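Chemist: Take this structure, written in structure tokens, and hold onto it; I'll ask about it next.
No lab work stands behind these numbers, since they all come straight from the coordinates. This structure is a prediction, so every number in the text was calculated from the model and none was measured. Glycine gets a Cβ as well: all are built from the backbone with ideal geometry, and neighbour counts include every protein chain shown.
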Amino acid sequence: MKLQILQNEQIAGSVMSIKIDNPGLFTARAGQFFMVKINDFNYPFLRRPFSITYFKDYIEIVYKIVGEGTSMLAKKQKGEFIDMIGPLGNGFEIVNSKKILLVGGGIGFAPLRFLKEELKGRSFDFDSFFGFNTKDEVCVDFGNIATMDGSYGYKGSVIDLVKDVIDEETLIYACGPSVVLSKLSDICLEKNAKMQVSLESRMACGIGVCLGCVIETKNGMKKVCDEGPVFDYKEILWEKM
Amino acid sequence: MGKNVNLAVKLGNIIFKNPILTASGTFGYGLEYQKYMDLNELGGFIVKGLSLSEKQGNKPPRIIETPCGMLNAIGLQNVGVDKFIAEKLPYINNLNTHIIANIYGTKDEEFIEITQRLNKEEIISAIEVNVSCPNVAEGGSLFGKNPDNVFKLTSSIKQNTDKPVIVKLTPNVTDITLIAQAAKDAKADAVSLINTITGMVIDTKTKKPYLDNKTGGLSGAAIYPVGVRMVYEVFENVDIPIIGVGGIYNADVALQYIMAGASLIEIGSANFTQPDISIDIIKGIRRYLADENIESVSNLVGIAHSSG
């Protein structure tokens, strides 16, 4: 479906926020994503998967400019239309726990921002931890922040910031680079904590057909698009990521 | 506009309501697309390549985008022929369209066994034989690059089924007409071409090929002129029905394939970009015929060869 862009602006360094008219025709859950066609042409050829950052009166997607597709997307103006398929994927399974933590690395905060709204809607208590390289990249307005160079908040990685808070009563919702998720996974295993991770992968179709986005799990190859993007961390073979 | 145009085409004893099929590997088992389109509007669809037993496929990364296309090395991951028959077919058996099974194996005996199992399934209209998939080290390309192997394999498959047999050809050969001729000599009912073109992308950060399989098959809009050229060559040299495939993303490219000599066409990677793109292409062909005052799409097959 073609939806109208309400706003497309830089919110930090190379991070953009695009707000899109929500036609109110469907519901969405935190952790789900859209496949976005950047333009009407064959270049870029494939759609881009983007997690939903906010979903109510408008749809917000926060994205980082990393390549040609996202560079083109960043040039889109208010009033233009973009073609989106979705919402796709399973999303986070929302369950209560004594201690809920949202942990994001870099642009990985995007689906957690939506999750925050859902948790608040259910009056679940939670704490948030986000890591960025530098102050310039910080694009969240809530939670505890770590930067690698110490230019904002805690100096160090988000793992260093959060690791002592994790115990066996913790349920983590995480998204970020696989190195960060893999380290978190080690800590969760050690402390016997629960964790749902939202993964990123290159996708061609986003609807379970191309089999391009698979990851290796204890139960064989699994598609990030329609068997994910949210997985139980214990299922993933982290050494293969 | 509004004039009646005839999109129906015949292949062997099968009548397709229009020449649009969807290509194996880009359309799952059909089920996945029901949400996005009415499958009954298609001439037919070709299911994901089936092997004798379930296959896990290659390790990731399996895909990388390229200019106007993509490179893939999925490694033919599929549920296997038995699971397909037991678990997938029941969900697509009441459709008013043709279902074509694409099959592959690592040796003749496997192809034959899969053929025998599918032959019992009335709902399967035809069998497309993948002799060309370049992704699995021990598979596909070995058969498809050698005319003698293609002849032998196609002959044995023909002996084991009364369904039409389509041989899907690889473009990664010196002269595709020799392979098409071998398929014809073995009494194949049609050839489909082209499968993907073998390519490689290197990640300059890691200084290694991006795909775990190193090479992959190039598909998408970028490759269509290669496909059109090869269909043109086969039409010129071999008297066998042709199904054109490779980079078709709109009605104009579909028509180019038909004019080069294809009786039917398959839509591949474009399904990923727009799930219902085949419907747009059918409409576009219908519009073209009406605008050009051409009664039947069959009148266009191979028209680019005429000297007049």
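Chemist: Using only the alpha-carbon atoms, how far is helix A:178-191 inclined from the longest principal axis of chain A? Give it as 0 to 90 degrees, nearest 10.
Modeler: Between the helix axis and the principal axis of chain A, the angle is about 30 degrees.
Chemist: What's the ranking of A:25-33, B:166-174 by average number of surrounding C-beta atoms within 10 Å, highest first?
Modeler: Top of the packing list down: B:166-174, A:25-33.
Chemist: Across 5 Å bins from 0, what is the distribution of all Cα-Cα pair distances for segment A:31-185, in whole percents?
Modeler: Once binned at 5 Å, the Cα pair distances of segment A:31-185 give 2, 8, 17, 20, 19, 15, 11, 6, 3, 1, 0.
Chemist: What fraction of the DSSP beta bridges in the protein assembly as shown is antiparallel, stated in percent and rounded to the nearest 5?
Modeler: Expressed as a percentage, antiparallel bridges in the protein assembly as shown total about 50.
Chemist: Return, for the Cα atoms of segment A:2-88, the radius of gyration and Dmax in Å, separated by a comma.
Modeler: Computed over the Cα atoms of segment A:2-88, radius of gyration and Dmax are 11.9, 33 Å.
Chemist: What number, in percent, do you get for the relative contact order of segment A:1-103 if the mean sequence gap of Cα pairs under 8 Å and at least 6 apart is divided by its residue count? Mind showing how you got there, number by number?
Modeler: Details: 190 pairs, mean separation 37.6, N = 103.
Taking the mean separation of contacting Cα pairs over the length of segment A:1-103, I get 36 percent.
Chemist: Based on a Kirkwood Rh over C-alpha pairs, give the Stokes-Einstein translational diffusion coefficient of segment B:138-205 at 4 °C and viscosity 1.567 mPa s in µm²/s.
Modeler: The calculation lands on 102 µm²/s.
Chemist: If you bin every alpha carbon distance in segment B:91-198 into 5 Å steps from zero, what whole percent lands in each bin?
Modeler: Spelled out per bin, shortest first, that is 2, 14, 25, 24, 18, 10, 5, 2, 0.
Chemist: Name the long-range amide H neighbours of B:Gly268: under 5 Å, sequence gap of 5 or more, or other chain; modelled H, no Pro or chain starts.
Modeler: Result for B:Gly268 returns B:Ala23, B:Gly246, B:Gly247, B:Ile248.
Chemist: Hey, could you pull the Cα Rg and Dmax for segment A:99-240, both in Å?
Modeler: 15.1, 44
Chemist: Full extension from A:Asp57 to A:Phe81: what is 0.36 nm times the residue separation minus their Cα-Cα distance, to one decimal in nm?
Modeler: 6.9 nm
Chemist: Which whole-number percent gives the relative contact order of segment B:147-205, counting Cα pairs below 8 Å spaced six or more residues apart?
Modeler: It rounds to 42 percent for segment B:147-205.
Chemist: Of all DSSP beta bridges in chain A, what percent run antiparallel (nearest 5)?
Modeler: Numbers: 34 of 56 bridges.
Counting DSSP beta bridges with both partners in chain A, the antiparallel share is about 60 percent.
Chemist: Please list 3J(HN,Hα) in residue order for segment B:144-160, calculated via the Karplus relation 6.51 cos²θ - 1.76 cosθ + 1.60 where θ = phi - 60°; whole Hz, with x for glycine and proline.
Modeler: Coupling constants for segment B:144-160: x, 8, 10, x, 5, 5, 5, 4, 5, 5, 4, 4, 5, 5, 4, 5, 10 Hz.
Chemist: At what distance in angstrom do the alpha carbon centres of segment B:31-47 and segment B:117-132 lie from each other?
Modeler: 18 Å
Chemist: Mind listing the phi-derived Karplus ³J(HN,Hα) values for segment B:256-269, rounded to whole Hz, using 6.51, -1.76 and 1.60 with θ = phi - 60°, and x for any glycine or proline?
Modeler: Listing the rounded values in order: 4, 4, 5, 5, 6, x, 7, 7, 10, 9, 10, 9, x, 3 Hz.
Chemist: To continue, here is another question. At what distance in angstrom do the alpha carbon centres of segment A:116-160 and segment A:35-83 lie from each other?
Modeler: Comparing the Cα centres of segment A:116-160 and segment A:35-83, I get a distance of 24 Å.
Chemist: With a 10 Å Cβ neighbour count serving as the proxy for reagent exposure, in which order, fewest first, do A:Cys225, A:Cys139 appear?
Modeler: A:Cys139, A:Cys225
Chemist: Taking the DSSP beta bridges in segment A:99-240 as the whole, what percent of them are antiparallel, to the nearest 5? Don't jump to the answer; show the numbers that get you there.
Modeler: Values: 8 of 30 bridges.
Antiparallel bridges make up about 25 percent of those DSSP assigns within segment A:99-240.
Chemist: Averaging sequence separations of C-alpha pairs under 8 Å and six or more residues apart, then dividing by the length of chain B, give the relative contact order as a whole percent.
Modeler: Computed value for chain B: 20 percent relative contact order.
Chemist: For the protein assembly as shown, what is one quarter of the convex hull surface built on the Cα atoms, given in nm²?
Modeler: Working: hull surface 105.6 nm².
So the Cα hull casts an average projection of 26.4 nm².
Chemist: What is the distance in Å between the Cα centroid of segment A:178-230 and that of segment B:238-272?
Modeler: Rounded to whole Å, the Cα centres lie 37 Å apart.
Chemist: So which trypsin sites (Lys or Arg not before Pro) in segment B:43-110 end up in coil per DSSP with only 14 or fewer other C-beta atoms within 10 Å?
Modeler: Filter output for segment B:43-110: B:Lys107.
Chemist: Over all Cα pairs of chain B, how is the pair count split among 10 Å bins, expressed in % and running from 0 up to the last occupied bin?
Modeler: 6, 29, 38, 21, 5, 0
Chemist: Would you calculate, for chain B, the mean residue ellipticity at 222 nm contributed by helices, counting each DSSP H stretch of 4 or more residues as -39,500 (n - 2.57) and dividing by all residues, to the nearest 500?
Modeler: For chain B, the value works out to -8000 deg cm²/dmol.
Chemist: On a straight-distance basis, which lysines could pair with B:Lys158 in a cross-link, Cα separation under 16 angstrom, same-chain partners fewer than 8 positions away excluded?
Modeler: Excluding near neighbours in sequence, the set is B:Lys107, B:Lys120, B:Lys168, B:Lys184, B:Lys187.
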